[in-house]
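The values are calculated or read from the model by the stated rules, or taken from the named source; none is laboratory data. Since the structure is predicted, the reported quantities are computational estimates derived from the model, not experimental observations. Here the Cβ positions follow ideal geometry from the backbone for every residue, glycine too, while neighbour counts run over all protein chains shown. Quick note on the areas: whole protein, heavy atoms, side chains included, nothing else; ligands and nucleic acids left out. Shrake-Rupley method; radii C 1.70, N 1.55, O 1.52, S 1.80 Å.
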Amino acid sequence: MTRRHAFERGLTHAAAYATAHGHVAAPVGREHDGFALGRWLATQRKRADQLTPERARALHDLDAHWNPPWPLTWQRAFHAARRHQEAGHSLTDVPRDCTTDDGHRLGEWLRTQRLCPERLAPVQRRLLDGLGLIQSAEQPPDTGKPAARSWDRGLATARVFHHREGHLYVPQRHTEVLDGGPVRLGQWISNARRRKERLAADRVHALDALNMRW
């Protein structure tokens with residue numbers, strides 16, 4: 001089987017899975033009609049930078065978040081919450097010990113989103129907003145000060161980069177593109193290093209949590 005046919009076969013199975021589940025965040029061990037779909041999708045994510053634009057677009061058309069910078073476990077839990085809501089249930093009063101039929105600890109996951117919204121990327125907050133969870137997923141309060149908003153956006157971007165790359169060794173000229181627009185993350189990191197002695201302790205701790213190399 002040629003590589004082209006192998007990709008088309010995988011895409012066909014992915015499309016069928018997306019139709020049934022509304023996403024392609026399948027666990028790595030998931031099979032579909034005897035095809036190792038989870039493994040195939042994991043391979044496409046690993047090679048995302050090498051995919052042709054046509055193939056990347058085909059996967060994006062199935063699921064805009066087929067290769068998110070955050071963990072796939074979060075993405076699967078999000079879709080479990082979406083299905084729960086679509087079944088006619090409220091997401092605001094789910095018991096903490098609620099577990100879905102397919103094993104998602106939905107109550108605990110929802111509680112975590114409410115308690116730790118600062119850990120979420122802007123796109124994740126937007127996804128939760130779409131479920132009507134805007135109060136639990138909203139951005140940190142706007143202090144009205146541009147400098148504070150700039151810091152919050154830079155830190156959120158650094159967290160996205162760290163989730164994806166596992167480090168904060170950001171090239172000086174690197175720009176991270178999020179839904180809200182481009183962020184000059186390399187310059188932001190450089191500025192934070194230069195200003196460390198003047199940064200508030202909570203800001204230093206936030207970057208230390210991402211293994212910041214000062």
Candidates for semi-axes √(5λ) of the Cα gyration tensor in Å are [x] 31, 27, 19; [y] 32, 21, 18; [z] 33, 24, 14, and the calculated one carries label [z]
Env charge @ Asp101, Cβ radius under 15 Å, K,R +1 / D,E -1, value +1
Of every hundred units of 1.4 Å-probe accessible area on the chain, the number belonging to carbon and sulfur atoms, as a percent, is 49 percent
Under a Gaussian network model of the chain whose springs join Cα atoms within less than 10 Å, the largest fluctuation of Ala14, Ala25, Ala48 belongs to Ala48
Calculated from DSSP helices alone, with each H run of at least 4 adding -39500 (n - 2.57) and the total divided by the residues of the chain, [θ]222 nm to the nearest 500 comes to -16500 deg cm²/dmol
